[in-house]
Amino acid sequence: MLFFKRGRVPGARSWELKTGLGKGYAKILEQLDENLKDLDLEVKKVEPQSQSDFKQGPEAGEEESRYFVRLKGTLAPKEARLCGWRIDNLAALAAALALVVSKQGKSERKELETVIGNKAGRWRALTLMDTFLRSGYLEEDEEGLVKLGWRTRAELDLPSLMMLLAESAAPSAESSGPVEDDQASMEG
């Protein structure tokens, strides 16, 4: 149950594990975590921070948590190609996450679309933002403010990502110009 997706959301909620494995599911998860260490994997528990993170389970509190298996270490570039994301989409996600973090956890959607659109083109930026929201890496509230989603909190090491971004070299002036919409649509 922890390895598979249900819809767009990987893993299983604690009430599902309790139903399938019994009341001692926490001990079973600890044993599974120990066995997965040799494979550089771990069982991750994600607590919802808002009501929009997960659908409400039968009870409140512990029953809202979600468990899934994630990679403990990092992927080599050769292995990263197998994750199903294009490298430019990952770069756009990293830029969006960096902007949200730099704005104390909330940013306007239009601002994110503009930043991504300067490199990828406006239409692609709209599509990527929808993808990031649907997949749970970002969340949008009623006022149009975007914040980090449950999947970002679960899968990414944000301090390491921010450190890598801070240490990276600034792009040269000639390669940092915006991409024209026609050019972006021809490339992507």
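We did not get these values from a lab; they are worked out from the coordinates using the rules stated. This is a predicted model, so every value here is computed, not measured. Virtual Cβ from ideal backbone geometry, glycine too; neighbours counted across all protein chains shown.
Could you go through segment 28-42 in sequence order and give the Karplus-derived ³J(HN,Hα) for each residue, using 6.51 cos²θ - 1.76 cosθ + 1.60 with θ = phi - 60°, rounded to whole Hz, and x for Gly and Pro? Values per residue, Gly and Pro as x: 5, 5, 5, 5, 4, 4, 4, 5, 7, 4, 5, 9, 6, 10, 8 Hz. Lysines near K119 by alpha-carbon distance under 17 Å, same-chain residues fewer than 8 away left out - which ones? Partners found: K110. Relative to the current alpha-carbon distance between L71 and L36, full extension at 0.36 nm per residue lengthens the span by 11.6 nm.
Taking 0.36 nm per residue of sequence separation and removing the Cα-Cα distance, the E47/L165 pair yields an extension gain of 39.8 nm. Would you mind counting up the charge near S107? Only other residues with Cβ under 12 Å from its Cβ, with Lys and Arg at +1 and Asp and Glu at -1. Value of the local net charge: -2.
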